[in-house]
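S.K.: One structure is given below, represented as structure tokens, and several questions about it will come after.
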Amino acid sequence: MTKTLFGQPREGISLIGDTPIEQVATMPDMQDIIHLDRNENLYGPSPKCFEALRNLGIEELSIYSRDFTRGVKSRLSERLAIDLNIPEPQILLSEGSEDMLKQAVHCYLGPGEKILCPAQSWWYYQKVAAEVGGETITYALKEGPDTFTYDVDEIVELYRKESPRVVLIASPNNPTGNSFPDTDLKKLTEAFRESIVVLDEAYWGFADTSNEHIAELISRYRNLVVLRTFSKYHALAGARIAYAAVGASLSRLTKFASRYLGYNRISEALALAALDSPEYYTFISRTMREDRQAYYAFFAQHRGFRFFRSDANFVLVKIPAELKAPLQQYLKNHRIAIKFFSEPEFVDCIRITIGTSEQNRKMLAVLGDFLNSSPRGGGSV
């Protein structure tokens, strides 16, 4: 039996042998620092992934993954094509979505050409554009009481004014955690038909595990690239494996990103095992959602703190500016790492990765002790 954040018993799922998933954080190699700053899935991959490693045979190490006899990239690309209901040639594999993002941008963006991307988002988007001499144009997110939103009409107007070569959409967005509603997503992709559109769904799965929208979007918008990774939801960040579903007109990217001899067979074996473990990941995702609610409840009780609702495995929180430095030091003393921002739009914010329930209990306890001991701590509402 495992427990919820509030200590109530609940049926658990073992990670390795008889070790409950919530005990992962107490293993010796993870005791040093609790990393709640990198948006990793700290429950770890499913038991089937470890079984796949134990069962690796000689062909996983000595034979290329590409299946020349059947004309497919690999077993993984073939499986993804079935799951997503799109042709296998329109599935591309990569070493993490960072790799595929770079390939897509480098393939289509040239010196002086424009890329349109969210202003309050992952800094790496703009770095990749700068690598090829691209010019970044940003569209703003609107900060609401407990979430960030987009003004779709404003984004479309900016698009028509700037005529970018590439448009990037992140849903859910990091670090704000908000997603594009399906209606807004379709409205944007419809407006962006003259550009290459990259939809980054790295944090897919934590709020919604449906795949139906991909086949619809890819078939309708031939200029679209949808990025997904096994790093976040499937807890395989160390395996560096991701994929993209690409529109039929993007043959240039298909040729640019394809690998003649295939990909890492060990990473592919892990990814296939993860795809065969929906019950495990559904359980983990449900546990994270419950613990995310506990963070909301905690910050709602303290004046000067404001949380933003998230569809991902992290929570963005605005804190009193005068508490930033002492909180950073206090957490360092307690060997807990969370994300503190230097970017102007988030300078008074922290981002907390939703860890295991044990880690979340400790984080909330340490936060409570800090606020109770600090003369500048936020009082109860």
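S.K.: Once fully extended, how much extra length lies between TYR260 and ARG38, figured as 0.36 nm per residue of separation less the alpha-carbon to alpha-carbon distance? Mind showing how you got there, number by number?
M.R.: Working: separation 222, 0.36 × 222 = 79.92 nm, distance 3.27 nm.
Contour length minus the Cα-Cα distance gives 76.6 nm.
S.K.: Under a Cβ-Cβ cut-off of 9 Å, what is the net charge of the residues other than ARG66 that fall near it, where Lys and Arg count +1 and Asp and Glu count -1? Write out the running numbers ahead of the final one.
M.R.: Values: positive: LYS73, ARG259; negative: ASP67.
Spelling it out: positives minus negatives among the neighbours equals +1.
S.K.: While we're here: Which order do LEU364, LEU253 fall in if you start with the one that has the fewest other Cβ atoms within 10 Å? Before the final figure, lay out the partial values.
M.R.: Details: LEU364 18, LEU253 21.
Placing the least packed residue first, the sequence is LEU364, LEU253.
S.K.: As a test, work out the antiparallel percent of DSSP beta bridges whose residues both lie in the chain, rounded to the nearest 5. Intermediate results must be reported in sequence, preceding the final value.
M.R.: Working: 27 of 46 bridges.
Close to 60 percent.
S.K.: Separate question: Structure shown: which of LYS102/LYS324; LYS114/LYS232; LYS187/LYS362; LYS48/LYS187; LYS48/LYS324; LYS73/LYS161 lie over 32 Å apart, alpha-carbon to alpha-carbon? Write out the running numbers ahead of the final one.
M.R.: Details: LYS102/LYS324 34 Å; LYS114/LYS232 29 Å; LYS187/LYS362 43 Å; LYS48/LYS187 39 Å; LYS48/LYS324 41 Å; LYS73/LYS161 40 Å.
From the list (LYS102/LYS324; LYS114/LYS232; LYS187/LYS362; LYS48/LYS187; LYS48/LYS324; LYS73/LYS161), the Cα-Cα distance tops 32 Å for LYS102/LYS324; LYS187/LYS362; LYS48/LYS187; LYS48/LYS324; LYS73/LYS161.
S.K.: I'd like the trypsin sites (Lys or Arg not before Pro) in the stretch 301-381 restricted to DSSP loop residues with at most 14 other Cβ atoms within 10 Å, sorted by number.
M.R.: Those that pass, being in a loop and sparsely packed, are ARG303, ARG335, ARG376.
S.K.: Show which lysines lie in cross-link reach of LYS142 when reach means a straight Cα distance below 16 angstrom and same-chain residues fewer than eight apart are skipped.
M.R.: Once the sequence-local lysines are set aside, what remains near LYS142 is LYS318.
S.K.: Ignoring chymotrypsin sites (Phe, Trp or Tyr not before Pro) that are buried or in helix or strand per DSSP, and keeping those with at most 14 other beta carbon atoms within 10 Å, what is the longest stretch of the chain between them? Intermediate values should be presented prior to the final figure.
M.R.: Details: sites that count: PHE6, TYR64, PHE68, TRP123, TYR260.
The reported range is 124-259.
S.K.: Report the full-extension gain for the segment THR183 to PHE50: residue separation times 0.36 nm, less the Cα-Cα distance, to one decimal in nm.
M.R.: Details: separation 133, 0.36 × 133 = 47.88 nm, distance 3.94 nm.
In short, 43.9 nm is gained.
S.K.: Give the value in nm², to one decimal: projected area of the alpha carbon convex hull of the chain, averaged over all directions. Spell out each step's value before the answer.
M.R.: Details: hull surface 78.3 nm².
Computed as one quarter of the Cα hull surface, the answer is 19.6 nm².
S.K.: Once you mark the GluC sites (Glu not before Pro) that are in a DSSP loop and have at most 13 other Cβ atoms within 10 Å, what is the longest gap between them in the chain?
M.R.: Details: sites that count: GLU11, GLU194.
Longest run free of exposed loop sites: 195-381.
S.K.: Over the stretch 50-275, what is the relative contact order in whole percent, taking alpha-carbon pairs under 8 Å and six or more residues apart?
M.R.: Working: 396 pairs, mean separation 61.4, N = 226.
Rounded, it is 27 percent for the stretch 50-275.
S.K.: I need the P(r) histogram for the stretch 50-275: all alpha carbon pairs, bin width 10 Å from 0 out to the longest distance, whole percents.
M.R.: Spelled out bin by bin, the stretch 50-275 gives 8, 33, 36, 17, 5, 1 percent.
Computed from the coordinates by the stated procedures, all read-outs in this text should not be read as laboratory data. This is a predicted model, so every value here is computed, not measured. Cβ coordinates were reconstructed from backbone atoms using ideal geometry, including for glycine residues, and neighbour counts include every protein chain displayed.
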